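The values are calculated or read from the model by the stated rules, or taken from the named source; none is laboratory data. Being a predicted model, the structure only gives us computed values, none of them experimental. Ideal geometry is used to build each Cβ from the backbone, glycine not excepted, and the neighbour counts take in all protein chains shown. With ligands, DNA and RNA removed, areas are computed over all heavy atoms of the protein, side chains included. Shrake-Rupley method; radii C 1.70, N 1.55, O 1.52, S 1.80 Å.
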Amino acid sequence: MSDRQGIDTRTAPDRYRHWCLRVEAPLAYLTLDVAEDGGLSSGYTLKQNSYDLGVDIELYDATQRLRFEHPEVRVVVVDSGKERVFCAGANIGMLGRSTHSHKVNFCKFTNETRLAIEDASECSGQRYLAVISGTAAGGGYELALACDHILLVDDGSAAVSLPEVPLLGVLPGTGGLTRLVDKRKVRRDRADVFCTLEEGLKGRKALDWGLVDELAPRTGLTQRADARARELAATSDRPTDAVGLPLPAVRREHGGDTIQYDTLSVDLDRARGLARLVLRGPECPPPAVPQALAGSGAGQWLLRAAQDLDDALLYLRLNEAGLGLWQFSSKGDPALVWAHEAFLEQHREHWLVREIRLFWKRTLKRLDVSSRSVFALVEPGSCFAGPLLEIVFAADRAYMFEGDRELDGAPAPEIMLGRSSFGELPMPNGLSRLETRFLGSPESVTAARAQVGQRLDAAAASDAGLVTEIFDDIDWDDEIRIAIEERASFSGDSLTGMEASLRVAGPETTETKIFGRLSAWQNWIFQRPNAVGEKGALKRYGTGLRPSYDRERV
């Protein structure tokens with residue numbers, strides 16, 4: 001998972017070192033059995049089923065494959081392959097040695113994976129059952145919190161805990177605090193007590209306080225888990241006779257300062273702190289029927305586009321922190337992109353069509369919460385239509401070229417709205433990007449809906465409020481250059497805070513709270529001496545020395 005180009009998030013079940021995936025339809029079993037010597041980097045041991053980014057990369061891959069390759073799976077049972085321990089959470093040695101940016105990126109990716117589990121349950125009918133046969137601490141309990149149902153063995157020793165505050169001087173990094181009070185509706189006074197107990201809670205008290213859903217004796221744990229899993233399976237609408245689609249391998253080729261994918265190219269301009277991402281539209285119309293998606297070629301264009309963009313976003317996050325501006329453009333025929341959008345709409349009830357759309361939704365959300373400036377350029381030859389147009393709406397700024405380009409005679413660009421922009425691909429706040437954009441003028445959303453399928457040139461797009469500014473051939477190059485240079489002159493810290501505050505307007509959700517609090521509190525706490533100083537909790541953990549805290553509240 002770590003290669004010569006940096007951290008690589010591509011993997012497959014035959015390369016897993018930490019998870020075992022077993023399918024016995026309608027159930028699947030994801031068993032965590034971490035290889036202690038299998039850390040993503042050296043200097044720490046993954047004891048007690050503790051995890052680092054490499055463990056979570058495998059979990060993310062498994063959840064993706066279960067959705068696409070196993071439509072017959074209705075319930076995923078998450079359990080442990082180790083005696084009397086479910087998961088000890090994030091590895092403390094790893095956290096103590098990691099750079100600040102790696103810690104934050106690790107927490108963000110882990111959050112996104114847990115949210116994808118919840119999305120699978122809510123939108124795909126693939127439920128998750130956590131079977132805790134031992135200690136579930138910190139991130140281990142947070143993994144269980146992402147599941148639909150938590151079954152805890154009642155043997156007098158197994159416990160659930162969030163010990164980060166008393167033990168490490170940090171916060172649970174994967175939404176644990178928010179899920180306790182927002183998702184499970186635990187009383188906040190009880191949550192306060194629970195989150196300050198290193199040892200956590202066991203058995204009946206954990207059940208009474210709402211920290212778990214069910215208890216079972218050790219001798220009957222397997223039988224109880226199987227019965228509960230089959231009850232959950234009965235609530236799913238997953239097809240029982242469909243054939244899964246093996247996820248295509250992501251092809252990423254590095255060449256100097258460029259990265260090439262099947263549907264995307266990335267140019268790395270480190271001198272300007274800029275990554276240019278060029279999305280390539282389909283070359284052929286969509287297939288006639290959803291069953292043809294199982295083949296290769298044009299039918300899989302949006303799936304491959306989602307895979308490629310997802311991989312590129314993660315690669316840039318984890319390996320190119322100095323590229324603070326992501327500039328998106330596209331090449332292709334907008335009418336062909338819109339045809340694929342129409343295909344998705346026509347066959348929206350088909351399980352695989354649903355999964356492709358949901359994957360695109362999750363990938364766009366990953367863009368929404370990335371701590372990078374995002375510009376979109378709608379130029380001659382672009383194909384921002386249907387689902388690709390969401391990139392324009394996700395951008396902090398979108399510039400559109402007005403008229404023809406004299407130099408090469410390229411025709412004036414056009415955009416085409418699809419129905420997916422009106423609720424099918426929501427942001428973390430639960431609203432569409434257009435609803436978020438037009439919070440103060442909902443009539444603008446209604447007006448935009450009336451233009452679905454129409455070709456909109458720069459003037460029409462500007463009049464509808466769909467782009468930030470339009471420039472003609474005379475001004476385009478200078479205005480774009482100035483905008484990029486200006487962005488590069490600002491503090492990256494202030495831009496991260498500004499963008500996170502502006503992007504997700506409107507209502508709060510559990511998801512926005514998780515990412516907002518991660519960005520604000522954990523980002524700050526991870527830099528404080530109480531956590532990472534020489535006498536801080538993360539540095540002294542395991543040494544026998546107590547941390548020395550500055551008691552001043554800021």
* To do: Spot the failing condition for Arg74; the list is (1) more than 14 Å from Tyr128 (Cα to Cα); (2) in contact with a helix residue (DSSP H, G or I) (Cβ under 6 Å, 6 or more places away or on another chain); (3) open to solvent by 20 Å² or more (accessible area, probe 1.4 Å), and only one is missed.
  => (1)
* Consider Ile484 carefully, then state whether it is surrounded by 14 or more Cβ atoms within 10 Å (Cβ to Cβ) and part of a strand (DSSP E or B). => no
* Structure fact -> Checked pairs for the stretch 477-491, first on the phi > 0 side of the Ramachandran plot, second open to solvent by 90 Å² or more (accessible area, probe 1.4 Å) and modelled with pLDDT of 95 or more, C-beta under 9 Å and 6 or more apart or across chains, list as none
* To do: Report yes if some residue within the stretch 165-181 is under 22 Å from Val75 (Cβ atoms) and at pLDDT 95 or above; otherwise report no.
  => yes
* So, in the stretch 516-537, of the ones that are among the basic types (Lys, Arg) and surrounded by 15 or more Cβ atoms within 10 Å (Cβ to Cβ), which residue ends up farthest from the chain's Cα centre (by Cα)? -> Arg528
* Asked: Within the stretch 195-225, how many residues are in contact (Cβ under 8 Å) with a residue 60 or more places away in the chain and assigned to a helix (DSSP H, G or I)?
  -> 4
* Asked: Filter the stretch 174-186 for residues that are open to solvent by less than 40 Å² (accessible area, probe 1.4 Å) and outside any helix (DSSP H, G or I); which is nearest to Leu201 (Cα to Cα)?
  -> Val186
* Is at least one residue of the stretch 507-515 under 30 Å from Phe106 (Cβ atoms) and over 19 Å from the mean Cα position of the chain (by Cα)? -> yes
* **Criterion: within 27 Å of Pro334 (Cβ to Cβ) and either modelled with pLDDT under 95 or exposed (fewer than 13 other Cβ atoms within 10 Å of the Cβ) (or both) - qualifying residue of Leu245, Leu264, Leu277** => Leu245
* Name the pairs whose Cβ atoms lie under 9 Å apart, with the first residue in the stretch 95-110 and in contact (Cβ under 8 Å) with a residue 12 or more places away in the chain and surrounded by fewer than 19 Cβ atoms within 10 Å (Cβ to Cβ), the second part of a loop (DSSP other than H, G, I, E, B) and among the hydrophobic types (A, V, I, L, M, F, W, C), and 6 or more positions between them or separate chains? -> His100/Phe526; Ser101/Ala321
* To do: Might you let me know whether the stretch 111-123 holds any residue that is part of a loop (DSSP other than H, G, I, E, B) and either among the hydroxyl-bearing types (Ser, Thr, Tyr) or surrounded by fewer than 20 Cβ atoms within 10 Å (Cβ to Cβ) (or both)?
  => no
* under 16 Å from Pro387 (Cα atoms), touching a residue at least 40 places away in the same chain (Cβ under 8 Å) and out of contact with any Cys (no Cβ under 9 Å at 6 or more places or on another chain), is that true of Asp333? -> no
* Check the stretch 187-194 and report whether any residue there is open to solvent by less than 50 Å² (accessible area, probe 1.4 Å) and not in a helix (DSSP H, G or I). => no
* Yes/no for Arg357 being more than 30 Å from Arg481 (Cα to Cα) and buried (at least 18 other Cβ atoms within 10 Å of the Cβ) -> yes
* Please work out which residue is farthest from the chain's Cα centre (by Cα), limiting yourself to the stretch 328-352 and to residues that are surrounded by 17 or more Cβ atoms within 10 Å (Cβ to Cβ) and outside any helix (DSSP H, G or I). => Gly332
* Note down all Cβ pairs under 6 Å where the first residue falls in the stretch 47-68 and is within 22 Å of Ala137 (Cα to Cα) and of a type in the set (Phe, Trp, Tyr), the second is modelled with pLDDT of 95 or more and open to solvent by less than 10 Å² (accessible area, probe 1.4 Å), and they're at least six residues apart or on different chains. => Tyr60/Thr113
* Hey, could you check the stretch 197-230 for residues that are open to solvent by 30 Å² or more (accessible area, probe 1.4 Å) and within 29 Å of the chain's Cα centre (by Cα) and say which is nearest to Cys87 (Cα to Cα)? => Asp213
* When you go through (1) in contact (Cβ under 8 Å) with a residue 60 or more places away in the chain; (2) out of contact with any strand residue (DSSP E or B) (no Cβ under 6 Å at 6 or more places or on another chain); (3) surrounded by 15 or more Cβ atoms within 10 Å (Cβ to Cβ) one by one for Ala233, which number turns out not to apply? -> (2)
* To do: Mind listing just one residue for me: the one in the stretch 14-46 that is aliphatic (A, V, I, L, M) and over 24 Å from Met94 (Cβ atoms) and, of those, surrounded by the most Cβ atoms within 10 Å (Cβ to Cβ)?
  => Ala28
* Asked: Conditions: (1) assigned to a helix (DSSP H, G or I); (2) within 21 Å of Pro166 (Cβ to Cβ); (3) touching a residue at least 12 places away in the same chain (Cβ under 8 Å). Lys535 meets all but one. Number of the miss?
  -> (1)
* To do: Please find, among Gly381, Gly386, the residue that is crowded, with 23+ Cβ neighbours inside 10 Å and closer than 17 Å to Pro282 by Cα.
  => Gly386
* Output the number of residues of the stretch 142-173 satisfying the condition of being open to solvent by 10 Å² or more (accessible area, probe 1.4 Å), within 26 Å of the chain's Cα centre (by Cα) and within 30 Å of Thr235 (Cα to Cα). => 2
